[in-house]
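Report on the structure given below.
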Amino acid sequence: KTIILAGEMKNLFGKNLKIRIGAEILDKDGKIALQLPEIEKSAGANQDLTFELKKEWKNPKLWWPYSPYLYHARVKIFLNNKLIDTKTERFGFRDISIKGRDFLINGRKIVYRRGVRIGYLLRRTPEGKYLVNNRESVLREIRRFKEWGYNCVRTHHGCFKLFADIVP
């Protein structure tokens, strides 16, 4: 298996720069599970820059709907050996394929039972305020979907960040 971290940024410094980009993958306990090799890139003044970090990963813990193991990818940007920016994103590592009529995750057949989350209809106070940022109401919703046997939820009108952050 191979992990690829790709990104883009803009040089806003107003002069040509040579930067170093590195990344590490953190496990659920915050320990480094994988260190990706650093690369150097040059960017002209006010120009866009794209990058790709890639490394083979022999044994990542795979994400599964009923035991969703999640990692954090932390990308670091250095200028003159000084850390100037970081970005961390949560992700799950999985292999998705189709065999005949079967949908497979990590080589295992799965049948999706999907619900739809329509936040703007379900989450309003009597005053008409949205409750999408209310952690407890979102947790109740997630528990309800699990009780109904759903293993997939489609969000209507976009995926609210809180909903995505709460779901393991």
task = Work out the P(r) tail for the stretch 1-67: percent of alpha carbon pairs separated by more than 18 Å, whole number.
result = 51
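About its Cα centre, what dipole magnitude does the stretch 1-47 give when the only charges are +1 on Lys and Arg Cβ and -1 on Asp and Glu Cβ, stated in debye to the nearest 20?
180
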query = What list of ³J(HN,Hα) couplings, whole Hz, do you get for the stretch 47-64 from phi and the Karplus terms 6.51, -1.76, 1.60, once you set θ to phi - 60° and write x for glycine and proline?
reply = 9, 7, 9, 10, 8, 8, 10, 9, 7, 5, 10, 5, 9, x, 6, 8, 6, 9
request  = List, in the order given, every pair from K10/K41; K15/K55; K15/K54; K31/K61 whose Cα-Cα distance in the structure shown is over 23 Å.
outcome  = K15/K55; K15/K54
request  = Run down the aspartates and glutamates and flag those whose C-alpha is under 20 Å from the C-alpha of K146, throwing out any fewer than 8 positions away in its chain.
outcome  = E136, D165
inquiry  = I'd like the accessible area for D29: 1.4 Å probe, protein heavy atoms, all chains in place, Å² to the nearest 10.
reply    = 110
inquiry  = If I stretch the segment between K99 and E136 completely, what's the gain in nm (0.36 nm per residue apart, minus their alpha carbon distance), one decimal?
reply    = 9.4 nm
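Averaging sequence separations of C-alpha pairs under 8 Å and six or more residues apart, then dividing by the length of the stretch 1-120, give the relative contact order as a whole percent.
Relative contact order comes out at 24 percent.
The values are calculated or read from the model by the stated rules, or taken from the named source; none is laboratory data. Please read these numbers as outputs of a predicted model, since none were measured by experiment. Cβ sites come from the backbone with ideal geometry, for glycine too, and all protein chains shown count toward neighbours. We work out accessible area using only protein heavy atoms, side chains counted, and drop any ligands, DNA or RNA first. Shrake-Rupley method; radii C 1.70, N 1.55, O 1.52, S 1.80 Å.
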